[in-house]
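Remarks on the structure that follows.
The values are calculated or read from the model by the stated rules, or taken from the named source; none is laboratory data. Just so you know, these numbers come straight off a predicted model, no measurement behind them. Heads up, the Cβs are rebuilt from the backbone with ideal geometry, glycines too, and the neighbour counts pull from every protein chain shown. Surface accessibility is based on the protein's heavy atoms, side chains included, excluding ligands, DNA and RNA. Shrake-Rupley method; radii C 1.70, N 1.55, O 1.52, S 1.80 Å.
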Amino acid sequence: MLTPKEIEVLALVALGYLDKQIANKLGLSYSTVRGHIDKAVLKLNARNRTHAVIIYKFMNKDWLEEFFNYETHSLKAENNLLVNYGRQTDEI
């Protein structure tokens, strides 16, 4: 349903990144990032980006599990995030 790039962008949204930060991290323009987010929202019939993250998580139970810290009950942004999506990155 979602493209790998839309999933990658949505993961960064879920981890709290701003659109400009996502653009810098992925080497994309701000408008391209917005386009990926907007397409994900539309494809998931969501009301907004947060709703899209929730819907996608319900549809894919294991999504983002590697970033959830069960001791603190929080998501942690790790520098291996994009490695898990087939790409190496600098520290987040």
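Does G16 fit the bill of being assigned to a helix (DSSP H, G or I) and small (G, A, S)? Show your work before the answer.
Working: assigned to a helix (DSSP H, G or I): no; small (G, A, S): yes.
Criteria not met by G16.
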Across region 40-55, what is the total count of residues that are closer than 22 Å to F68 by Cβ and open to solvent by less than 50 Å² (accessible area, probe 1.4 Å)?
6
Restricting to region 1-39, count the residues that are more than 16 Å from I54 (Cα to Cα) and either among the charged types (D, E, K, R) or open to solvent by 60 Å² or more (accessible area, probe 1.4 Å) (or both).
12
